[in-house]
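The block underneath contains the structure these notes are about, expressed in structure tokens.
Read-outs throughout are calculated quantities, based only on the coordinates presented, and are distinct from any laboratory measurement. This structure is a prediction, so every number in the text was calculated from the model and none was measured. Note that we place each Cβ from the backbone using ideal geometry, even for glycine, and neighbour counts take in every protein chain shown.
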Amino acid sequence: MAIRAADHIVHKAAWLYYTHGLRQDEVAKRLDISRASVAMYLRKARDSGIVTIAASTELFASDVLAREIEDRFGLESVWVADGSSLPDPEAEIPALGASVFLSMVGSGQKVGVAWGRTIYAIADAMAYADLQGVTVVELCGNLGAPYSYRPDQCTMEIARRLNAKGLNFYAPLILSTEELARSLRAEPVIREQLAGVGECDIALFSVGMLDEDSHVVKCGAITIAELRALRRQGATGVIAGQMIDANGAPLDCDYNRRCISADLNDFRAIPKRLMVVQEAAKLEPLRAALAGRFATHLVLSRSNASALLESTAT
């Protein structure tokens, strides 16, 4: 089974100390905790048998994969869902993502939320929390299609689970012309909301894929013909409604210029950015999102974790 979110720091401390050979003071600095906390976590790791498990790739492969991904991509924390005992291994991802997200959010924080099927599944799996002074903001404009995973639906459902204030964008995701998009971005209420994205403490998002079943197609943001044209231009994935290329750079295209969404540089300024990737078919956009340094924290399946490491092996 995957590590519970509450136990993750214990496993990471044990990994750094026993596998990487760091001193306790070095572990403390790496994890931004006290040396006394490191000693306590290492004692807990020994008492619970984590040390033995973490040293065995065969018995605890998922968590070794998580540490390897952290090391290779410079991520703060990674959680790998095993899912091997489930009929649908991907079904564990939303529940794990919801648990991790709740462990990261604190009272008084501002939370940015993207959209899509994975994000709504996380919201649906999320336990109710009674946090104080939390604001949940939509990271991109809205869509009119009647889908539960629209940006406004994702934002408001997560706000409801957190007992938080929800703020939606009063604008569509895609405008018909670049000129209209520029004018709408200049409107005070839209300009203020876009400018406030970098003030978020945490972001919850996934990366979208670009095939004919993509949610940007299903929700009417683009046609299949437009999708194919964007692929020819180098589009590889979707972050908060915007197209990125294989290197994680925003695509220089008409679609992005007509998009009402957070500036991706402001998005990367958010201190904690939890990316949750559910489908095995998302390996290519997952790699692009990591190349673009969009995530600081990551939840993914064991199959995607193994494929990711294999595809980026030197």
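Here's the picture: a label point sits 7 Å out from the Cα of Asp124 along the beta-carbon direction, and within the stretch 144-184 the residues with their amide nitrogen under 13 Å of it are 147-150, 154. Between the helical axis of 92-104 and the longest alpha-carbon principal axis of the chain there is an angle of about 80 degrees.
Taken over the stretch 213-270, the convex hull of the Cα atoms encloses 84 Å³ per residue.
Return one number: the angle in degrees, 0 to 90 and rounded to the nearest 10, between the long axis of the Cα atoms of helix 35-48 and the longest principal axis of the Cα atoms of the chain. That works out to roughly 70 degrees.
Here each label is just a point 7 Å from Cα along the line to Cβ, and for Leu131 and Ile224 those points are 4.0 nm apart.
Taking the Cβ of Met126 as the center, what net charge do the other residues with Cβ under 14 Å away carry, scoring Lys and Arg +1 and Asp and Glu -1? Kindly include the intermediate steps, with their values, before the conclusion.
On the way: positive: Arg160, Arg161; negative: Asp124, Asp130, Glu157.
So the environment of Met126 carries a net charge of -1.
Could you tally up the Lys pairs in the chain with alpha carbons closer than 20 Å? Skip any pair fewer than 8 positions apart unless they're on separate chains. The result is 9.
Positive contributions from Lys and Arg (+1) and negative ones from Asp and Glu (-1), summed over other residues with Cβ under 14 Å from the Cβ of Leu173, come out at +2.
By the Stokes-Einstein formula, at 0.890 mPa s and 25 °C, the chain with its Kirkwood radius over alpha-carbon pairs has D equal to 122 µm²/s.
Of all beta bridges DSSP finds with both residues in the chain, what is the antiparallel percent, to the nearest 5? If you can, show how the numbers build up before the last one.
Details: 7 of 30 bridges.
Roughly 25 percent of the DSSP beta bridges within the chain come out antiparallel.
Mean-square fluctuations from a GNM of the chain, with a 10 angstrom spring cutoff on Cα atoms, peak among Lys110, Lys29, Lys165 at Lys29.
Counting 0.36 nm for each residue step from Ala307 to Asp252 and taking away their Cα separation leaves a gain of 16.9 nm.
Kindly express, to the nearest 10 degrees and within the range 0 to 90, the angle between helix 224-233's C-alpha long axis and the longest C-alpha principal axis of the chain. Long axis of 224-233 versus the principal axis of the chain: about 60 degrees. Take 95-104, 215-224 and order them by the average number of nearby Cβ atoms within 10 Å per residue, most first; the result is 95-104, 215-224.
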